[in-house]
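Colleague: Please see the structure below; I have some questions.
The values are calculated or read from the model by the stated rules, or taken from the named source; none is laboratory data. Note that the coordinates shown come from a computational prediction; the quantities given were computed from them, not determined experimentally. Note: ideal-geometry Cβ built from the backbone for every residue, glycine included; neighbour counts use all protein chains shown. Just so you know, the surface numbers come from the protein's heavy atoms only, side chains and all, with ligands and any DNA or RNA stripped out. Shrake-Rupley method; radii C 1.70, N 1.55, O 1.52, S 1.80 Å.
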Amino acid sequence: MNNELILVDLDDKEIGKGEKMWVHETGKLHRAFSVFVVDGHRMLLQRRNLHKYHSGGLWANACCSHPRDGETLLEAVKRRMQEEIGVCAACEELFHFVYRSEYKNGLIEFEYDHVLLCRYAGAITPAEEEIAEIRWVDIAELKQDVVKNPQQYASWFLIALPRVLEITGN
């Protein structure tokens with residue numbers, strides 16, 4: 001498996017590559033993506049596996065990862081959607097943002113995050129090494145829970161969720 005991430009500048013232009021753990025230890029800006037899966041007024045959430053290198057046990061969007069060298073964003077999204085949740089469905093890019101989060105274990109996420117939307121209502125097959133649990137959540141209930149319990153959600157999810165909801169009219 002290719003563990004090199006694509007380093008980028010603030011215009012998402014590739015400026016190099018770096019091994020995944022080194023990138024997260026040194027806090028280098030790198031390309032990433034987050035896929036939000038919705039079915040009407042429901043959103044699919046995943047609780048990250050407790051053994052993930054950071055944010056283990058936190059709730060997040062259905063799929064998130066990094067493109068590999070030589071892979072387009074949509075190729076990477078298709079690959080990871082299949083690997084993480086067993087879904088092959090069309091996604092559309094909604095927006096992107098840059099964020100930086102430091103974690104208790106010393107790792108740093110500094111990502112140029114492309115946010116995509118997938119409208120899907122079929123079967124989900126979560127990868128156990130990635131995901132502890134999945135659930136469909138009513139979006140109105142999710143909005144309340146995020147305000148009440150933000151510590152239970154991944155940092156990038158809290159940043160992207162309001163804009164995803166605005167764009168989708170939820």
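Colleague: Write out, first by first residue and then by second, each pair whose Cβ atoms fall under 9 Å of each other, whose residues are 6+ apart or on separate chains, and whose first residue, in region 10-24, is free of Cβ contacts under 8 Å to residues at least 24 places away in the same chain and within 18 Å of Thr72 (Cα to Cα) while the second is of a type in the set (Val, Ile, Thr) and surrounded by fewer than 13 Cβ atoms within 10 Å (Cβ to Cβ).
Modeller: Final answer for the pair search is Gly18/Thr26.
Colleague: Something else about it: Which one is nearest to the chain's Cα centre (by Cα), of the residues in region 1-21 that are modelled with pLDDT of 95 or more, among the hydrophobic types (A, V, I, L, M, F, W, C) and surrounded by fewer than 14 Cβ atoms within 10 Å (Cβ to Cβ)?
Modeller: Residue satisfying both the conditions and the ranking: Leu10.
Colleague: Within region 140-169, track down each residue that is closer than 18 Å to Glu93 by Cβ and either more than 19 Å from the chain's Cα centre (by Cα) or of a type outside the set (Val, Ile, Thr) (or both).
Modeller: Answer for region 140-169, where residues must be closer than 18 Å to Glu93 by Cβ and either more than 19 Å from the chain's Cα centre (by Cα) or of a type outside the set (Val, Ile, Thr) (or both): Trp156, Phe157, Ala160, Leu161, Pro162, Arg163, Leu165, Glu166, Gly169.
Colleague: Of all residues in region 91-117, which are open to solvent by less than 60 Å² (accessible area, probe 1.4 Å) and in a loop (DSSP other than H, G, I, E, B)?
Modeller: Within region 91-117, Cys91, Tyr103, Gly106, Leu107 qualify.
Colleague: A further question on this structure: Pull out all pairs, ordered by first then second residue, where Cβ-Cβ is under 6 Å, the residues are six or more apart or on different chains, the first lies in region 50-61 and is of a type in the set (S, T, N, Q), and the second is crowded, with 16+ Cβ neighbours inside 10 Å and at pLDDT 70 or above.
Modeller: Ser55/Arg48; Ser55/Ala154; Asn61/Ser34; Asn61/Phe36; Asn61/Phe157
Colleague: Could you identify the single residue in Thr72, Thr125 that is hydroxyl-bearing (Ser, Thr, Tyr), more than 19 Å from Val8 (Cβ to Cβ) and open to solvent by 30 Å² or more (accessible area, probe 1.4 Å)?
Modeller: Thr125
Colleague: Another question, if that's okay. Kindly indicate the residue of region 111-170 that is aromatic (Phe, Trp, Tyr) and touching a Leu at 6+ places or on another chain (Cβ under 9 Å) and also farthest from Lys17 (Cα to Cα) among those meeting that condition.
Modeller: Trp136
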